[in-house]
Amino acid sequence: MGKLLGSRKIWIGIVLFLVGTFMPYWIRPQLIDLNQRLQTLLYQTDGNAIMTNAFLIVSVNTVITIPQFLSVVMLGDGMAEVFNRPPLKGIVPLIVVPFAYIIVNKITPLNYSFGATDIFLWLTIVIMQRLSHQKLNLGMKLIVFSQLIFGVTWLNQVPFLTRYGFGLGSLSYKVKQAAIQMGFGGVLALYANVLFVIFVFNAIVLWVYLTLYIEKWAISQDLHRAQLEAQQSRSGREVLHLVHDLKTPLASIEGLVSLMEIRWPDPKMQEYCQAIYDSIHAMSKMVSEILFEDRKDWCELKDLIDYVRASRFSGTNLAVDIEILGDPQACVYINKIRMTRAIINLIDNALDAVEEQESGKVVLRAKVFYDEVKIEVEDNGCGIQTEKINKIWKIGYSTKKHPGAGLSFVRQVAEGHGGYVNIKSTAGQGTRVWITLPLGEKQ
């Protein structure tokens, strides 16, 4: 039930269904006036009036039908996703549309009939949905279906199709009856058929174009991601080779320091040599963590934050507030280099978000709980729009002008440490991203 109520498509479908169902009630005065004008046509010989009223009837029926059919398409898509039953995409419209006509006939004095036109539309839309693999968004569907519905609705004005279930509603039936009595039945049929062909053909061409455009765009996005991944893979290999080569000069430096200790036994020199040894061992450990991403060690939270501060802000004038809420000596089992890189990515994104704001503020905050720690970066920048939240984790997607892999890397690092990453953002107010990691006792 929760998934059903949480489906965005279902809620859009419900709203559109209510709009389409109650549309005849809102425009009831215009419908009644049109009905009275059709009554007078039965006693007049005015071909122009016949064509004008036929156009008005088709336009009104199109305005009423568009939200109805869009609503059932959205409801069918939403229910098929929630219940994982693809056939619901076709079954739901076939059930809901007749139900809408029942409601319409209850709230308006005119008779609206669910007939061959609606079945034809339903079949056409189901086929188009199937062939396009649900790739068109709501706006594209609105453009295509509007033209399709306007074209198909003209079949209601073809007199000889009445016997086959087209145009049984009171308004369409009266205009056809008046046309036949005046001898304009053939002209009206020609007029309606031509418009049917023009608008349906245009809708199909537009549908094909949009479907191919979406497919082409999807292929280009996949290609872009593949290129980015290949570039990252190549860059990663080059970095690994470079880092691996650092071990040779480190070993040479360590050997030379040993000789210095032997050659100059001065206490001060011994102290300097020990400091060099400590730096060599720290760098050797860093090299190992870069080369082997699965290599982890226990690290105090304060040490991690200090390392981030030294890596990101050393030699810069960038201001980031740092807060540690809880025990700063709490330990996490991490690959310090990769985790630092992930946190720095979040800080870089936050700094970009507040770059053009005078009162911009970025906070790096660590919160220690009973069995986990949350490392979060918060800013009061421009925020991220709701529709973009789900896209930001994809490789190659960026809200900036250049492609990036920052947040996808952050998620990869968090999950590689048995944790996860979350985001909360409000457009115009700011963004907060946090990495949750399990805690442990220092070993």
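Heavy atoms only, probe 1.4 Å: what % of the accessible area of region 72-215 goes to carbon and sulfur, would you let me know? Intermediate values should be presented prior to the final figure.
Details: 4930 of 6870 Å².
It is 72 percent, rounded to a whole number.
Simple spin-label estimate for L168 and S359 gives 6.6 nm between the two label positions (7 Å along the Cα-to-Cβ direction from each Cα).
Residues E215, E81, sorted by accessible area with the largest first, give E81, E215 [1.4 Å probe; ligands and nucleic acids excluded]. Highest mean packing first, where packing is the average number of other Cβ atoms within 10 Å per residue, the peptides 112-125, 298-311, 65-78 line up as 65-78, 112-125, 298-311.
Over all pairs of distinct alpha carbons, what does the Kirkwood formula give as the hydrodynamic radius of region 325-365, in Å?
Details: mean 1/r = 0.0821 Å⁻¹.
Evaluated over region 325-365, this radius sits at 12.2 Å.
When the surface is traced with a 1.4 Å probe over the full set of protein chains, V197 keeps roughly 90 Å² accessible.
Using a 1.4 angstrom probe, figure out how much accessible area region 71-186 has per residue, in square angstrom, rounded to the nearest whole.
Details: 5160 Å² over 116 residues.
That works out to 44 Å² per residue.
Pairs from the table (K106/K141; K216/K391; K9/K374; K388/K424; K367/K424; K336/K361) lying more than 22 angstrom apart at Cα are K106/K141; K9/K374; K336/K361.
Of the residues I107, I435, the one with the largest accessible area comes first in the ranking I107, I435, computed with a 1.4 Å probe on protein heavy atoms.
The values are calculated or read from the model by the stated rules, or taken from the named source; none is laboratory data. None of these values were measured; they are calculated from a predicted model. Here the Cβ is made from the backbone with ideal geometry for all residues, glycine too, and neighbour counts use every protein chain on show. Calculation scope for accessible area: heavy atoms of the full protein, side chains included, ligands and nucleic acids excluded. Shrake-Rupley method; radii C 1.70, N 1.55, O 1.52, S 1.80 Å.
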